[in-house]
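Novice: Mind looking over this structure? Questions follow.
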Amino acid sequence: MTDIVHSIVAIKSDAQVSVDNDDVNQVTWHDGNPTNITNQQILDKQVELQTEYDAKAYQRVREKAYPSWQDQMDMMWHDKQDDTTTWEDAVQAVKDAHPKP
């Protein structure tokens, strides 16, 4: 879950706040909240950020599943030398195993 401070900073990048127990009702505005950000705006932004994060789960899984860049470079070199598609096959296997939603 996206925390309250992250949500506030996503609304106002230079906000100066601290939050106790990640509770929207326990926000201390060190800058006086000059733009009058409301608790509802914070909670709405939190939902928005979490939705964006969740939608990109496949990207995080793929990143871990891909061979290292060193291995991929080696595959590409060998593919060029041997007229094979090892690298393309490896990348496609990861994409197939973890498709975009």
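Every number in this text was worked out from the coordinates using simple rules, so none of it is lab data. None of these values were measured; they are calculated from a predicted model. Positions of Cβ are generated from backbone atoms using ideal geometry, with glycine treated the same way; all protein chains shown enter the neighbour counts.
Novice: How large is ³J(HN,Hα), in whole Hz, for each residue of region 85-96 in order, when computed from phi with the Karplus curve 6.51 cos²θ - 1.76 cosθ + 1.60 and θ = phi - 60°, using x for Gly and Pro?
Specialist: Computed from phi, the couplings for region 85-96 are 10, 4, 5, 4, 5, 5, 5, 5, 4, 5, 4, 5 Hz.
Novice: Please tell me the relative contact order of the chain in percent, rounded to the nearest whole number, where contacts are Cα pairs under 8 Å and at least six residues apart.
Specialist: 23
Novice: Something else about it: Go through Ala93, Val61, Val5 and say which Cα lies farthest out towards the positive end of the charge dipole of the chain; charges sit on Cβ, +1 for Lys and Arg, -1 for Asp and Glu.
Specialist: Of the candidates, Val5 comes out farthest on the positive side.
Novice: Find, to one decimal place in angstroms, the Kirkwood hydrodynamic radius of the chain, where the mean of 1/r is taken over every pair of different Cα atoms and then inverted. Mind showing how you got there, number by number?
Specialist: Values: mean 1/r = 0.0593 Å⁻¹.
Here the Kirkwood hydrodynamic radius works out to 16.9 Å.
Novice: For region 37-53, just list the computed ³J(HN,Hα) in residue order, Karplus coefficients 6.51, -1.76 and 1.60, θ = phi - 60°, integers in Hz, with x standing in for Gly and Pro.
Specialist: Ordered by residue, 3J(HN,Hα) equals 5, 8, 4, 5, 4, 5, 5, 5, 5, 4, 5, 4, 5, 5, 4, 4, 4 Hz.
Novice: Between Asn33 and Tyr53, what FRET efficiency follows from the Cβ-Cβ distance if R0 is 35 Å, with the result rounded to 0.05?
Specialist: That pair, Asn33 with Tyr53, gives E of 0.85.
Novice: Here's something else I'd like to know. For a quick check of your reading of the filter: which trypsin sites (Lys or Arg not before Pro) in region 1-98 sit in a DSSP loop and have no more than 13 other Cβ atoms within 10 Å? List each step's numbers first, then the result.
Specialist: Numbers: sites: Lys12, Lys45, Lys56, Arg60, Arg62, Lys64, Lys80, Lys95; in loops: Lys12, Lys56.
Here the sparse-neighbourhood loop sites are Lys56.
Novice: Rounded to the nearest 20 Debye, what is the dipole magnitude of the chain about its Cα centre when Lys and Arg each give +1 and Asp and Glu each give -1 at the C-beta?
Specialist: Taking the Cα centre of the chain as origin, the dipole is about 220 debye.
Novice: Taking the Cβ-Cβ separation of Ala90 and Asp22 as r and a Förster radius of 30 Å, what is the calculated FRET efficiency to the nearest 0.05?
Specialist: The formula returns an efficiency of 0.15 here.
Novice: Taking amide hydrogens as modeled 1.01 Å from N in the peptide plane, which residues meet the under 5 Å criterion relative to Val17, leaving out close sequence neighbours?
Specialist: Distant-sequence amide H within range of Val17: His30.
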